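The values are calculated or read from the model by the stated rules, or taken from the named source; none is laboratory data. Since the model is a prediction, treat every value here as computed from it, not as a measurement. All Cβ positions, glycine included, derive from the backbone under ideal geometry; neighbour counts span all protein chains shown.
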Amino acid sequence: MLVLFEPTYTTRLWTIFEIAGFLKSHGDRAGLSSCLIILPTFLGPTAVAIFLSATMINMSVVFDYGGRMQTILAVTCVVFCVCANGIHWLRGYFRWIDECCSQLQNFSMEKAHSHCCKSNHVNEEGSQIMCDRKIISECICLWFGSEEAFESCVRSDVATVLIEGLRRHTFTFRWLVAVSMPTSWVCGDLLVARLRVGEFYFSAVAAIVALAWWFGLIPLCALLCLMVSSNPRQRKNQCMDHMVTVLGASLVVVLVLPLYLIRIVLVNLMGDDLIATCLWGLLVSLATLLAWRVWAKWHLSHLSIR
Ligand SMILES: [Zn+2]
């Protein structure tokens with residue numbers, strides 16, 4: 001079963017009954033991960049945003065702005081703007097997940113919405129329609145024994161499964177690498193240009209740089225934005241709220257920029273582009289791996305029923 005989780009999911013009686021019924025018919029919780037996939041609809045626009053951001057960051061790296069310092073400034077500005085927008089967006093997402101948690105933990109049949117009752121049981125043509133709530137209520141009493149037992153199941157089992165599912169299927173490393181695809185196109189273009197003129201040594205350097213950006217720096221930027229955003233508490237003062245976003249984006253830039261610059265330092269120190277780039281690639285991989293481990297732990301504790 002594929003659940004496309006959107007803002008009204010936890011407020012509607014039909015959707016909650018559907019997933020509670022699914023859980024009831026699959027008593028074995030161990031096998032659920034393979035047959036229940038929960039994806040927030042938020043992932044669609046986020047994938048497009050990361051795709052476009054990765055394109056912008058790569059373009060800022062590739063173009064020469066009239067000197068090394070100007071290029072570094074251009075990369076810094078683009079990364080900061082992309083991260084600030086991303087953090088603002090992600091904080092909204094995590095606030096919404098918190099609201100969903102709270103709605104599920106306080107679920108009651110009475111508060112849950114149903115379209116038929118909202119429209120006073122009259123369809124668009126003006127004819128009377130049956131009340132879904134009555135039918136669902138009868139099914140609930142047959143399946144769960146009573147409405148109270150159903151409500152209790154929603155507050156515990158359904159809430160746990162939905163939040164665990166969101167944790168498992170949202171923002172995976174594979175997804176981050178897939179949506180950062182423009183990195184491979186931009187770096188691939190540079191690689192092919194060098195291969196065509198027979199510069200095999202610098203082709204190897206370009207290939208390592210491409211891999212480090214695609215599997216390292218871009219996912220690392222996204223992971224740091226996720227970590228900074230995962231404390232979504234809204235500040236009462238809107239200025240303070242924007243300040244939190246700006247500080248978060250600045251922190252990401254301060255952490256990522258030295259990793260980008262360290263390659264230039266290593267090349268100057270070692271005098272060999274290939275060895276310096278290999279060492280840099282290793283550093284980027286280790287930093288990304290560390291960030292991923294921290295994020296996985298953080299994500300687990302943030303998206304849990306409290
Ligand atoms: Zn009704």
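Odds and ends about this structure:
- Restricting region 239-277 to residues that are surrounded by 16 or more Cβ atoms within 10 Å (Cβ to Cβ) and not aliphatic (A, V, I, L, M), the residue that is farthest from the chain's Cα centre (by Cα): ASP273
- Contacts under 9 angstrom Cβ, first residue in region 253-270 being touching a residue at least 12 places away in the same chain (Cβ under 8 Å), partner among the charged types (D, E, K, R), 6 or more apart: ILE264/ARG68
- The residues of region 24-45 that are part of a helix (DSSP H, G or I) and over 14 Å from ILE163 (Cα atoms), listed by number, are LYS24, SER25, ARG29, ALA30, GLY31, SER34, CYS35, LEU43, GLY44, PRO45.
- Residue ranges of helices (runs of 4 or more DSSP H) in region 65-183 with at least 1 members polar (S, T, N, Q): 68-105, 132-144, 147-153, 159-169
- The listed residue being touching a residue at least 60 places away in the same chain (Cβ under 8 Å), surrounded by 16 or more Cβ atoms within 10 Å (Cβ to Cβ) and either of a type in the set (A, V, I, L, M) or within 30 Å of GLY216 (Cβ to Cβ) (or both), out of PHE107, PHE173, PHE144: PHE173
- Qualifying residue in region 143-155 (condition: over 22 Å from GLN105 (Cβ atoms) and within 16 Å of the ligand (Cβ to nearest atom)): no
- Top-ranked residue of region 210-229 - restricted to ones that are out of contact with any Leu (no Cβ under 8 Å at 6 or more places or on another chain) and surrounded by fewer than 22 Cβ atoms within 10 Å (Cβ to Cβ), ranked as nearest to ALA178 (Cα to Cα): PHE215
- Filtered by the rule that a residue be surrounded by fewer than 17 Cβ atoms within 10 Å (Cβ to Cβ) and either at pLDDT 80 or above or in a helix (DSSP H, G or I) (or both), region 46-64 gives ALA47, VAL48, ALA49, PHE51, LEU52, THR55, MET56, MET59, VAL62.
- Residue match in region 118-127 (condition: basic (Lys, Arg), within 14 Å of the ligand (Cβ to nearest atom) and within 35 Å of the chain's Cα centre (by Cα)): yes
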